[in-house]
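The values are calculated or read from the model by the stated rules, or taken from the named source; none is laboratory data. Because the structure is a prediction, the values reported are computed rather than measured. Heads up, the Cβs are rebuilt from the backbone with ideal geometry, glycines too, and the neighbour counts pull from every protein chain shown.
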């Protein structure tokens, strides 16, 4: 999705600068080295590229990598890495970007959270928590932003990508865990292409949207939120689990 958004912004006339851990192996484009999971590297990036952060007219926090497994089997370093990559690192970079936008009176800050903010992914507790935190950061900045500064809380659902191929798995096994994994992958592969999700975000940036923006299949972005609002909590939880092929845990 990041590549598709970058291509669309270039076509619209923007100079696009991306970040990656290994610029030498990145596709054609303008890149800067950054490891969001490393606090020291985030500080280094913010220091060395202060001008870039201050001048950005559109800033998109698009980091996305998950860790899957029973929470009881997670190591402290697993939790820390997810929170640094998905929440703390992006939040640290948001501050100078947002400050500069407020000072000049215009700009667009996009935080890519997830529909997991509303519908958590089973066995992905740190991913869900981090994306919820990023979403709340966006909602808070909306309360602080002047009229010319837009903040978009972009919440994509499942879309076709190699996200699961790069997913880290913690210790833990069992039929329930594997069934959820199969359903996660099935939902991902049956979703819309990344280019369609990117078009939704690009259109929102160009038309001046601000606030929450869902993207994905009609079921995930419209029907599920509508239905969830009608169900009592217990039935909602059962329907949520059934979507991943499992039922409630029994004592």
Given the conditions (1) under 19 Å from residue 139 (Cβ atoms); (2) touching a residue at least 12 places away in the same chain (Cβ under 8 Å); (3) part of a helix (DSSP H, G or I), report the number of the one that residue 229 does not fulfil.
(2)
If I filter region 140-192 down to residues being part of a strand (DSSP E or B) and closer than 20 Å to residue 70 by Cβ, which single residue comes out as farthest from the chain's Cα centre (by Cα)?
169
Among the residues of region 50-63, count how many are out of contact with any helix residue (DSSP H, G or I) (no Cβ under 6 Å at 6 or more places or on another chain) and surrounded by fewer than 18 Cβ atoms within 10 Å (Cβ to Cβ).
5
For region 11-30, the count of residues that are outside any loop (DSSP other than H, G, I, E, B) and either under 20 Å from the mean Cα position of the chain (by Cα) or within 17 Å of residue 64 (Cβ to Cβ) (or both) equals 4
Quick one: which of 126, 54 is under 16 Å from residue 171 (Cα atoms) and in a helix (DSSP H, G or I)?
126
Residues being buried (at least 18 other Cβ atoms within 10 Å of the Cβ), over 23 Å from residue 79 (Cα atoms) and modelled with pLDDT under 95 - total across region 116-160
1
Mind telling me which of the residues 37, 6 ends up being in a loop (DSSP other than H, G, I, E, B) and either free of Cβ contacts under 8 Å to residues at least 24 places away in the same chain or surrounded by 15 or more Cβ atoms within 10 Å (Cβ to Cβ) (or both)?
37
